[in-house]
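Following: one structure in structure tokens, then a few remarks.
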Amino acid sequence: MMTTPRARASLGFRSLPVPPLLPVLVGLLVAGAGGVHPVSPSPSVALGSEPAPAAGFAQADTILRGEEIIVRSTRSGRRIQDQAIRVEVLDREEIEEKLLMRPGNIAMLLAETGGIQLQNTSAALGGSVIRIQGMPGRYTLLLADGLPLYGGQPGGLGVLQIPPVDLEQVEIIKGVASALYGGQALGGVVNLVSRRPGDEALAEFIVNGTSRGGADLVAYGETPLPGAWPGAWKGSLTTGLHRQDAKDLSGSGWADLPAHERGTLRARAFHDDGSGRSAMITVGGMMEDRVGGSVSGGVVPGEAPWGGLPFRDAVDSRRFDAGVHFRTPLGLPEALADAAFVDLRGSAMEGRFDRDFGLEGSEAAGRGERSVRFLEASLSGMRGAHTWVVGAALQDDRFRHLDVPPPSVPLDFEHTVPGIFVQDEVRLLDGDMTVAGSLRWDRHSVYGSQLSPRLSILFPGDMWTVRASAGRGFFGPTPLLDEVEAVGLLGAVPGASVDPETGWGGSLDVGGRSGPFEWNGVAFASEVRDEATLRGTSRGFRVGNAPWRTTTRGGELLLRYRVGEISVTGSYLFVDAQRNPVEGAFHQASTPVPRTPRHATGLVAVWEDHDRGILGLELYHTGRQQLEDNPFRDESRAWLHVGVLGELRLEGWSLFVNMENLLGVRQTRWDPLLLPAPGRYGARVTDAWAPLDGFTLNAGVRIRR
């Protein structure tokens with residue numbers, strides 16, 4: 001592999017999987033707290049003193065379970081079955097299954113969730129974004145315990161840098177959610193909820209290796225904190241070391257799998273006095289070096305100065321963050337609330353990267369710095385049939401693009417957005433109907449005032465549950481589009497002003513159960529206007545508003561059969577996403593949104609005995625996709641993913657084996673990844689529409705003490 005044109009600090013994880021220092025610190029943390037014992041989850045107090053769930057509940061994106069699953073993403077702290085706003089929950093049991101498949105990141109966890117597509121944004125570096133119901137990935141807001149610790153929209157590499165071992169559940173709101181969280185949630189919200197430590201110490205270690213030259217070492221520990229911390233404080237520490245060798249599976253001289261070395265660290269402290277007062281404090285960091293491009297003396301096609309030489313695409317990224325959440329009861333007059341709480345949230349994230357992009361000897365080296373500051377204060381209460389929330393928020397998002405070689409211009413931006421919001425849920429008809437209304441006003445420093453309403457209705461029942469919702473929202477575009485990140489953030493030229501992206505969306509959800517059978521069906525539709533896109537010029541590109549409106553309509557169907565230790569789940573997703581030209585556009589014909597499969601089907605069968613182990617089979621079929629700027633084909637092939645997972649559980653530890661993509665589906669079996677000549681905006685590879693890694697086996701050991 002090529003050497004960098006300037007000095008870089010290597011993370012030096014070549015010794016994996018030998019246990020290094022950070023996992024040992026987790027063990028010392030647990031041992032120092034008084035030994036190692038089994039853990040029992042501790043409840044947390046939600047609004048109205050409702051108990052939170054213990055770990056191990058089945059996935060709650062199905063319909064009626066009667067379980068005490070408390071969701072936090074709607075701020076009301078109510079049980080999932082009482083929420084008028086549809087929230088899907090991946091519980092700890094589901095997380096643990098995906099943890100054995102990908103211990104190093106949450107990509108697999110999200111990719112195999114109904115209605116979500118994890119779309120590759122950079123075939124050279126392996127980046128991906130979260131698309132919900134066919135909407136662009138930048139419209140998905142990613143939170144951790146309700147805080148934008150990863151920047152809200154973390155970019156193409158964000159979901160590849162978050163380990164799932166410390167997650168209790170994942171909450172997903174699909175569709176327009178700007179009324180809840182502002183302009184960054186035009187397409188939906190994914191909230192990663194962390195594990196709450198129990199009353200006794202716990203330690204967990206995972207060592208994993210893959211047949212493609214990957215390795216993971218992950219450690220998690222939790223314990224009551226010593227007496228120096230006043231009150232009932234408990235802490236957790238998560239650390240991970242991950243590496244991947246560059247792999248040229250197609251023999252083209254290009255890395256189908258980029259190399260990376262990554263280290264992560266996350267510490268949390270929790271307080272809960274049992275009377276409604278609680279606190280959470282967290283700090284975390286991530287360091288990663290990622291290198292793609294030419295390998296083993298490979299060169300890109302073409303002649304100088306555009307080809308005939310090795311090509312390097314590499315990025316070193318660092319991220320540090322901190323966040324707090326305090327909650328306390330507040331005495332209000334009975335005329336206002338029977339119970340009320342004040343919530344204060346705040347977070348700060350600092351990230352930077354160094355990027356190399358170009359032919360050997362002429363790489364363009366650039367740097368970027370991103371900072372996100374967030375503050376929110378809210379007052380929530382219950383009064384009779386009403387559960388209400390009022391609050392104010394402030395977010396400051398800044399990016400500095402440094403050392404940009406001419407003729408490119410920096411992609412700097414500063415967005416400051418104060419906002420106020422109000423929400424009320426009311427039970428009507430003796431509890432046979434719940435209506436939730438939300439309204440948010442944001443004052444964007446660049447895009448002005450934006451009003452985002454949302455209305456949701458719930459009709460609960462013993463056999464059937466019906467939900468309907470509709471909302472409007474906006475997104476404040478930045479220059480950091482997926483296409484720009486894929487070409488090294490280089491090539492931008494000054495452009496005209498850009499309007500905010502605005503949209504609306506609605507959904508109808510019907511679900512029910514009968515004996516061992518459960519089912520859920522969703523119909524959805526949305527429209528986005530003034531979508532930000534790249535506009536080519538003779539000297540490069542600029543960001544502008546697209547001459548089309550994007551309409552999306554579709555449906556989801558989920559069926560599940562569960563009896564004893566066996567569950568079988570089938571899912572189907574239909575998405576019809578079209579670009580419809582606005583009046584006066586040059587092209588007047590509607591075209592499909594690229595890389596959006598119209599049909600996606602899944603079937604998962606699992607046998608699980610909590611004492612003995614787990615055995616699972618999964619099949620996922622992805623339909624054809626329209627492609628853009630691809631010289632090899634205009635439409636992708638359909639493909640089938642087959643996977644098998646097995647875990648043998650013993651006393652205090654377990655062995656696991658996971659085989660992904662048993663049919664060996666790989667895009668480079670059909671088409672080259674390398675373009676025959678530089679593509680649009682300087683791209684060197686095509687977009688990825690199928691797996692690039694082919695068959696992969698991973699196996700390891702999991703130790704719990």
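The values are calculated or read from the model by the stated rules, or taken from the named source; none is laboratory data. If you're wondering where the values come from, they're calculated on a predicted model, not measured in any experiment. Virtual Cβ from ideal backbone geometry, glycine too; neighbours counted across all protein chains shown.
Quick notes on this structure:
- The residues on offer are V404, V372, and the sole one that is farther than 30 Å from G307 by Cα and in contact (Cβ under 8 Å) with a residue 60 or more places away in the chain is V372.
- Evaluation of D499 against (1) among the acidic types (D, E); (2) in a loop (DSSP other than H, G, I, E, B); (3) buried (at least 21 other Cβ atoms within 10 Å of the Cβ) (one fails), failing number: (3)
- Applying the set (1) buried (at least 20 other Cβ atoms within 10 Å of the Cβ); (2) over 17 Å from G151 (Cα atoms) to D321 leaves exactly one unmet item: (2).
- Region 421-442, residues that are surrounded by fewer than 18 Cβ atoms within 10 Å (Cβ to Cβ) and over 14 Å from R472 (Cβ atoms): V422, D424, V426, L428, L429, D430, G431, D432, M433, V435
- Checked against (1) hydrophobic (A, V, I, L, M, F, W, C); (2) under 28 Å from P477 (Cα atoms); (3) out of contact with any His (no Cβ under 7 Å at 6 or more places or on another chain), A605 passes all but condition (2).
Residues checked against (1) in a loop (DSSP other than H, G, I, E, B); (2) crowded, with 23+ Cβ neighbours inside 10 Å:
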position	(1), (2)
Q117	no, yes
A124	yes, yes
M135	yes, yes
G151	yes, no
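- Count of region 197-246 residues which are surrounded by fewer than 19 Cβ atoms within 10 Å (Cβ to Cβ), within 23 Å of R102 (Cα to Cα) and of a type outside the set (G, A, S): 2
- Only one entry in D687, D634, D629 is of a type outside the set (A, V, I, L, M), in contact with a strand residue (DSSP E or B) (Cβ under 8 Å, 6 or more places away or on another chain) and at pLDDT below 95, namely D687.
- Restricting V644, V606, V575, V568 to residues that are of a type in the set (A, V, I, L, M), in a strand (DSSP E or B) and either more than 29 Å from K174 (Cα to Cα) or over 25 Å from the mean Cα position of the chain (by Cα) (or both) narrows the list to V568.
- Region 515-545, subset at pLDDT 90 or above and part of a loop (DSSP other than H, G, I, E, B), residue surrounded by the fewest Cβ atoms within 10 Å (Cβ to Cβ): G515
- Checked against the criterion of being touching a residue at least 24 places away in the same chain (Cβ under 8 Å), basic (K, R) and within 27 Å of G240 (Cβ to Cβ), the candidates R312, R327, R383 yield just one match: R312.
- On the stretch given as region 400-412, residues that are assigned to a strand (DSSP E or B) and surrounded by fewer than 18 Cβ atoms within 10 Å (Cβ to Cβ) total 2.
- Candidate set from region 669-684 (those that are out of contact with any strand residue (DSSP E or B) (no Cβ under 6 Å at 6 or more places or on another chain) and outside any loop (DSSP other than H, G, I, E, B)); member that is surrounded by the fewest Cβ atoms within 10 Å (Cβ to Cβ): R669
- Only one of L336, L332, L309 that is in contact with an Asp or Glu (Cβ under 7 Å, 6 or more places away or on another chain) and outside any strand (DSSP E or B): L309
- Selection status of G251, without any contact (Cβ under 8 Å) to a residue 24 or more places away in the chain, assigned to a loop (DSSP other than H, G, I, E, B) and surrounded by fewer than 23 Cβ atoms within 10 Å (Cβ to Cβ): yes
- For region 449-484, the tally of residues that are assigned to a strand (DSSP E or B) and in contact (Cβ under 8 Å) with a residue 12 or more places away in the chain stands at 22.
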